[in-house]
């Protein structure tokens, strides 16, 4: 299959979303950005994605709420969570593909996600 993989990145911090998007676009990915859980759910109702990367704490909902909703419709899509306070997340659900504690190096995030996706292929 020659189509580009698609990443949905969800974070209320626009600069972080753009930084992550740029890194994945340089690797040939299509990136869809969302600034909230509600916006991400709207995106998922209209677009197919290969990976979801979400912040944990956002106005109007958490990344775990998004994980719960996304897994109902897309159980096989890898879901990664970012947080500034890993202790606030508690024990990550088994459906979570990975957890990144902020601040993180974008290249480490990229390498981890690419590794998981290539291992699933």
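A few comments on the model shown:
- Flag for residue 3 being in a loop (DSSP other than H, G, I, E, B) and surrounded by fewer than 15 Cβ atoms within 10 Å (Cβ to Cβ): yes
- Checking each residue in the range 60-80 for being under 17 Å from residue 115 (Cα atoms) and at pLDDT below 95 picks out only 76.
- Across the range 69-78, the number of residues qualifying as in contact (Cβ under 8 Å) with a residue 24 or more places away in the chain and over 23 Å from residue 19 (Cα atoms) comes to 5.
The values are calculated or read from the model by the stated rules, or taken from the named source; none is laboratory data. Bear in mind that the values here come from a model prediction, so they are computed numbers and not experimental data. All Cβ positions, glycine included, derive from the backbone under ideal geometry; neighbour counts span all protein chains shown.
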